[in-house]
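**Student:** This is the structure, below, for whatever I ask next.
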Amino acid sequence: MENIIEIKHLSKSFGEVKAVQDISFQVKEGELFAFLGVNGAGKSTTISIICGQLKKDFGTVIIDGQSLDGNIDKIKNEIGVVFQDSVLDKALSVRDNLQSRAALYDITGEAFRKRLCELMKLLEFEDLLKRPVGKLSGGQRRRIDIARALLNEPKILILDEPTTGLDPQTRKTLWDVISTLRKEKNMTVFLTTHYMEEAADADYVVILDSGKISAQGTPLELKNTYTGDFITIYGVSEEQVQVLGRPYEAIRDAYRVSVPNTSDATELIIKHADMFNDYEITKGKMDDVFLTVTGKKLNGGEKE
Amino acid sequence: MIGLGSLIKRNTKLFFKDKGLFFTSLITPLILLVLYATFLGNVYHDSFAMSFPEGMEVPEKLLDAAVGGQLVSSLLAVCCVTVAFCSNMLMVQDKVNGTRKDLTITPVKGTTMALGYYIATLISTLLICLLAAGAGFLYLGKVGWYLSGKDVMLILFDVFLLVMFGVALSSIINFFMSTQGQISAVGSIVSSMYGFICGAYMPISQFSEGLQKALSFLPGTYATSLLRNHAMQGVFAEMKADGYPKEIINGLRDVIDCNVYFFDQKVELSTMYLILSGSVVVLIGIYVVMNMMKRK
């Protein structure tokens with residue numbers, strides 16, 4: 001897989017505030033890339049630079065083999081963005097909104113009608129076409145936001161906290177659509193989110209803290225590096241668990257034992273084979289990774 | 001310019017869909033018309049009557065038409081600029097609700113976006129000001145009609161030029177605004193101040209000499225004078241035909257700013273047009289350049 005986004009030594013300051021400090025990372029074509037960080041970590045600044053809305057101070061940004069410097073208009077044609085809050089015109093109908101935005105990519109007339117049909121089929125919003133965007137429910141509006149981001153058939157879809165505030169059903173629908181697009185169109189998805197379960201599904205994760213990259217890797221690499229494993233043992237007494245000599249916690253019908261890594265878990269199981277009749281080994285969660293790396297918890301957008 | 005037509009359509013649609021914005025813009029000239037007809041009209045009438053030498057008979061219809069011409073020209077001079085400020089709110093609303101981001105991630109150029117806002121505001125402001133001009137013509141028809149077809153066309157052309165000026169000025173000022181509160185405050189300040197500094201509420205000839213000189217540097221002064229010249233041309237022609245002395249007519253023209261002086265040099269109508277259209281070109285140029293350099 002080739003890199004579709006390459007960022008090297010990117011920096012951006014607003015007066016005294018260093019929003020982004022010398023960050024470098026790559027996003028491979030077709031992958032789901034997650035960008036994690038609390039509010040103010042520098043995620044939105046980086047996205048705004050990629051989208052050509054902010055000028056960088058230093059560094060290079062290469063999108064699909066083209067440098068951002070001097071190719072901004074070409075690059076804008078390859079990017080679609082779903083913003084955290086719907087930014088469509090609430091007073092206008094869904095059709096008027098999509099038509100006015102499509103024209104900005106020079107998609108008009110028959111080309112627009114064709115694209116609209118494709119998007120209506122994909123996102124099932126034919127019945128909403130004449131309704132003002134301001135009268136739609138949160139989930140319906142999100143579907144239209146995605147349709148708007150996909151108007152220009154982008155190679156890179158940037159999702160800026162797309163599921164914040166959505167109900168689980170709508171969140172699932174959104175991810176189903178994105179998954180279909182990735183499979184069928186090999187679309188690269190650049191995601192910022194506060195939901196760790198969404199980040200756990202990513203192919204690659206970058207954690208940003210105070211404008212700097214604190215950690216990066218696949219979810220597995222991050223979990224292996226920054227968290228241990230957990231062995232959940234069922235049908236044993238607390239005295240038996242204490243014999244293992246590892247930290248543990250009691251849960252409803254079992255005990256969860258913390259181990260530094262999977263090989264340590266294997267050693268324990270071999271040594272105390274008699275008590276491991278019903279058990280499971282799980283990796284640490286992305287929440288634990290984030291907490292270890294930044295010392296902060298991500299909780300629906302709030303820093304703890 | 002890819003997307004310009006679509007942006008103009010979108011911006012104009014949003015203006016007329018926002019009933020609050022539309023009626024606020026429409027109500028400004030209506031309030032001014034009522035204010036002039038009920039209050040300022042009497043002041044102007046008395047002022048006119050006293051301008052003639054004692055014993056000289058002036059037909060009431062001619063006097064009413066003169067007052068009406070002054071009222072209508074003042075009304076149009078003020079509302080072409082104040083309505084522009086009321087109508088030109090979308091560029092700030094787009095910043096406030098984040099829509100601006102959705103427009104700037106597209107390949108559309110900053111200059112196209114700027115012109116989209118400018119032309120859409122021009123259309124909506126022009127529509128309201130033409131309605132105001134229509135109401136003004138009806139009022140003149142009622143109190144005394146002395147306008148020729150050419151005068152009417154010139155008044156409409158003056159309105160068009162002044163609206164272009166008002167929209168360009170409001171676009172530059174609103175460019176720096178980022179909240180609804182700021183833009184409302186600017187609208188209120190402009191609405192209350194502009195009528196005074198352009199000579200609509202009170203003729204500039206009544207101000208102190210220093211202030212007159214300072215105001216002669218503002219393009220709005222000449223826009224008001226153009227409208228006044230064309231709105232009162234018929235009345236002065238009738239006076240001349242009725243045999244009123246040339247000195248009295250010229251004196252009246254001086255008093256009500258039909259004649260405007262730049263450091264004692266009388267400014268011709270053609271020069272006034274040059275100043276106004278030149279200002280429009282310069283202001284639009286500044287606005288476009290500001291938008292080209294916008295990316296932070």
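**Student:** Consider region A:114-138. How many of its residues are closer than 11 Å to A:Ser86 by Cβ and surrounded by fewer than 19 Cβ atoms within 10 Å (Cβ to Cβ)?
**Tutor:** Residues that pass the stated criteria total 2.
**Student:** I've got another one for you. Go through the residues of region B:185-199 one by one and say whether even a single one is touching a helix residue (DSSP H, G or I) at 6+ places or on another chain (Cβ under 7 Å), outside any helix (DSSP H, G or I) and not hydrophobic (A, V, I, L, M, F, W, C).
**Tutor:** Checking region B:185-199: at least one residue is touching a helix residue (DSSP H, G or I) at 6+ places or on another chain (Cβ under 7 Å), outside any helix (DSSP H, G or I) and not hydrophobic (A, V, I, L, M, F, W, C).
**Student:** May I pose another question? What is the residue count in region B:218-257 for residues that are among the aliphatic types (A, V, I, L, M), under 22 Å from B:Phe52 (Cβ atoms) and free of Cβ contacts under 8 Å to residues at least 40 places away in the same chain?
**Tutor:** Qualifying residue count, region B:218-257: 2.
**Student:** B:Gly136: within 14 Å of chain A (Cβ to nearest Cβ) and either out of contact with any strand residue (DSSP E or B) (no Cβ under 7 Å at 6 or more places or on another chain) or modelled with pLDDT of 90 or more (or both), yes or no?
**Tutor:** Answer is no for this residue.
**Student:** Just to be sure before I move on: is A:Ser24 at negative phi, in the same structural domain as A:Ile213 (by TED's automatic domain parsing), small (Gly, Ala, Ser) and modelled with pLDDT under 95 in the structure I sent?
**Tutor:** It is false that A:Ser24 is at negative phi, in the same structural domain as A:Ile213 (by TED's automatic domain parsing), small (Gly, Ala, Ser) and modelled with pLDDT under 95.
**Student:** Shifting gears a bit: Being more than 10 Å from chain B (Cβ to nearest Cβ) and free of Cβ contacts under 8 Å to residues at least 24 places away in the same chain is the filter here; which residues of region A:66-94 pass it?
**Tutor:** Across region A:66-94, the qualifying residues are A:Gln66, A:Ser67, A:Leu68, A:Asp69, A:Gly70, A:Asn71.
**Student:** Any chance you could count how many residues in region A:95-121 are of a type in the set (S, T, N, Q), more than 7 Å from every other protein chain (Cβ to nearest Cβ) and under 20 Å from A:Pro132 (Cα atoms)?
**Tutor:** 2
**Student:** So which residues in region A:112-131 are over 17 Å from A:Asp89 (Cβ atoms) and not in a helix (DSSP H, G or I)?
**Tutor:** Selection gives A:Glu124 alone.
**Student:** Which one is surrounded by the fewest Cβ atoms within 10 Å (Cβ to Cβ), of the residues in region A:34-60 that are of a type in the set (A, V, I, L, M, F, W, C) and more than 14 Å from chain B (Cβ to nearest Cβ)?
**Tutor:** A:Phe58
**Student:** Is at least one residue of region B:58-74 of a type in the set (S, T, N, Q), buried (at least 16 other Cβ atoms within 10 Å of the Cβ) and touching a Ser or Thr at 6+ places or on another chain (Cβ under 6 Å)?
**Tutor:** Checked against the condition, which is being of a type in the set (S, T, N, Q), buried (at least 16 other Cβ atoms within 10 Å of the Cβ) and touching a Ser or Thr at 6+ places or on another chain (Cβ under 6 Å), region B:58-74 yields no hits at all.
**Student:** Quickly run through region A:196-219 and pick out the residues that are in contact with a Leu (Cβ under 9 Å, 6 or more places away or on another chain), surrounded by fewer than 19 Cβ atoms within 10 Å (Cβ to Cβ) and farther than 19 Å from A:Ile7 by Cβ.
**Tutor:** Selection gives A:Asp201 alone.
**Student:** Could you check, for region B:266-276, whether at least one of its residues is of a type in the set (Gly, Ala, Ser) and more than 26 Å from B:Ile173 (Cβ to Cβ)?
**Tutor:** Yes: one or more hits.
**Student:** Out of the residues in region B:105-142 meeting the condition of being without any contact (Cβ under 8 Å) to a residue 12 or more places away in the chain and within 18 Å of the chain's Cα centre (by Cα), tell me which one is surrounded by the fewest Cβ atoms within 10 Å (Cβ to Cβ).
**Tutor:** It comes out as B:Gly134.
**Student:** Counting residues that are within 14 Å of chain A (Cβ to nearest Cβ), which helices (runs of 4 or more DSSP H) fully inside region B:1-113 reach at least 1?
**Tutor:** Those helices (runs of 4 or more DSSP H) span B:4-17, B:19-35, B:90-96, B:99-104.
**Student:** A follow-up question, please. Could you please find all residues in region A:88-106 being at negative phi and surrounded by fewer than 20 Cβ atoms within 10 Å (Cβ to Cβ)?
**Tutor:** A:Lys90, A:Ala91, A:Leu92, A:Ser93, A:Arg95
**Student:** Quick one: which helices (runs of 4 or more DSSP H) lie wholly within region A:194-304 and hold at least 2 residues that are over 18 Å from the mean Cα position of the chain (by Cα), modelled with pLDDT of 90 or more and aliphatic (A, V, I, L, M)?
**Tutor:** So the answer is A:238-243, A:262-271.
**Student:** Look at B:Ala120 and say whether it is more than 30 Å from A:Leu68 (Cβ to Cβ), of a type in the set (A, V, I, L, M), in a helix (DSSP H, G or I) and within 14 Å of another protein chain (Cβ to nearest Cβ).
**Tutor:** It is true that B:Ala120 is more than 30 Å from A:Leu68 (Cβ to Cβ), of a type in the set (A, V, I, L, M), in a helix (DSSP H, G or I) and within 14 Å of another protein chain (Cβ to nearest Cβ).
Rundown of residues vs (1) at pLDDT 90 or above; (2) among the hydrophobic types (A, V, I, L, M, F, W, C), yes/no style:
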| position | (1), (2) |
| --- | --- |
| A:Lys135 | yes, no |
| A:Gly138 | no, no |
| A:Ala147 | yes, yes |
| A:Glu161 | no, no |
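**Student:** Here's another thing I want to ask about it. For region A:143-158: of the residues being among the β-branched types (Val, Ile, Thr) and assigned to a strand (DSSP E or B), which is farthest from the other protein chains (Cβ to nearest Cβ)?
**Tutor:** A:Ile156
The values are calculated or read from the model by the stated rules, or taken from the named source; none is laboratory data. Computed from a predicted model, the values in this text were never measured in an experiment. Note that we place each Cβ from the backbone using ideal geometry, even for glycine, and neighbour counts take in every protein chain shown.
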